[in-house]
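The values are calculated or read from the model by the stated rules, or taken from the named source; none is laboratory data. Remember, predicted model here, so these are calculated numbers, not experimental data. Cβ coordinates were reconstructed from backbone atoms using ideal geometry, including for glycine residues, and neighbour counts include every protein chain displayed. These accessible areas exclude ligands, DNA and RNA; they are computed on the full protein's heavy atoms, side chains included. Shrake-Rupley method; radii C 1.70, N 1.55, O 1.52, S 1.80 Å.
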Amino acid sequence: KLFTAGEVLKLASEGRVKLDEPIQKVLPEFSVHNRFENTKAITLRSLLANHSGLPAFLIKGAMADQTQSLSSFVSDFKDDYLTAPPQTLYKYSYVDYDFLGRVVEVKRKANFAQTMKKDWLKPLGMDSSTFTRTPEAKARMAKGYLRGQETPWFNLRDVPATGLVSSANDMAKFLSFILGAP
């Protein structure tokens, strides 16, 4: 989430997005059913703060051999409902960051993982990190187990919220950057 938030704030500093505009200004295909009266807009700021009022998680399309794209995720959301009025309730959310990932794709005119590699991983020298689930990344990851059996590798739609595969050394580079340490 830190990388996604950083990229959205970078877009804002470049004047490419405004944090307090309704999400529909950036993603006109977005719509959601609203059962609440007199609500505030869902903005990039409310998404960043997990105050959107959207469901926190959406299982459909999240884990599969071929996961749902962020574009179709946004379009498909038209059948869902707000769970709270926007800007009123904190709820930890993958969904909010999936929307922010789609904003990154739209504004950068590139795939989320490619953008993050170009704007964050390469400049920080994070050569052992990726947002793309590749065989090389799989080979370097610790294996998961459930009841003594290795769990299968799966793809994940929620890459903007949870998709970074990294090493401890690379994360140290990122933390040094964030903390302004040499």
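Taking the stretch 15-33 as the range and being over 20 Å from S72 (Cα atoms) and touching a residue at least 40 places away in the same chain (Cβ under 8 Å) as the test, the residues that pass are R16, V17. Considering the stretch 51-132, the qualifying helices (runs of 4 or more DSSP H), each wholly inside and each with 3 or more residues that are of a type in the set (V, I, T) and modelled with pLDDT of 95 or more, run over 94-108. You will find that of A56, A84, the residue that is under 14 Å from A161 (Cα atoms), surrounded by fewer than 20 Cβ atoms within 10 Å (Cβ to Cβ) and in contact with a Lys or Arg (Cβ under 8 Å, 6 or more places away or on another chain) is A56 and no other. Considering the conditions (1) surrounded by fewer than 20 Cβ atoms within 10 Å (Cβ to Cβ); (2) touching a residue at least 12 places away in the same chain (Cβ under 8 Å), V74 is excluded by exactly one of them, (1). Quick check: anything in the stretch 134-148 open to solvent by 30 Å² or more (accessible area, probe 1.4 Å), modelled with pLDDT of 80 or more and among the polar types (S, T, N, Q)? Within the stretch 134-148 (the criterion being open to solvent by 30 Å² or more (accessible area, probe 1.4 Å), modelled with pLDDT of 80 or more and among the polar types (S, T, N, Q)), the answer is no, since none of the residues qualifies. Consider F112 carefully, then state whether it is touching a Leu at 6+ places or on another chain (Cβ under 6 Å) and among the aromatic types (F, W, Y). In short, no.
For the stretch 161-173, the condition holds for at least one residue, the condition being that it is at pLDDT below 90, under 30 Å from D20 (Cα atoms), open to solvent by 30 Å² or more (accessible area, probe 1.4 Å) and part of a helix (DSSP H, G or I). Annotation note: of L9, L2, the sole residue that is at pLDDT below 95 and farther than 21 Å from F77 by Cα is L2.
Taken residue by residue, the stretch 133-156 has no member that is assigned to a strand (DSSP E or B), under 25 Å from F177 (Cβ atoms) and out of contact with any Gly (no Cβ under 8 Å at 6 or more places or on another chain). Taking first residues from the stretch 98-127 that are open to solvent by 10 Å² or more (accessible area, probe 1.4 Å) and partners that are assigned to a loop (DSSP other than H, G, I, E, B), the Cβ contacts under 6 Å between residues at least 6 apart in sequence or on separate chains come to K107/R16; A113/F131; A113/T132.
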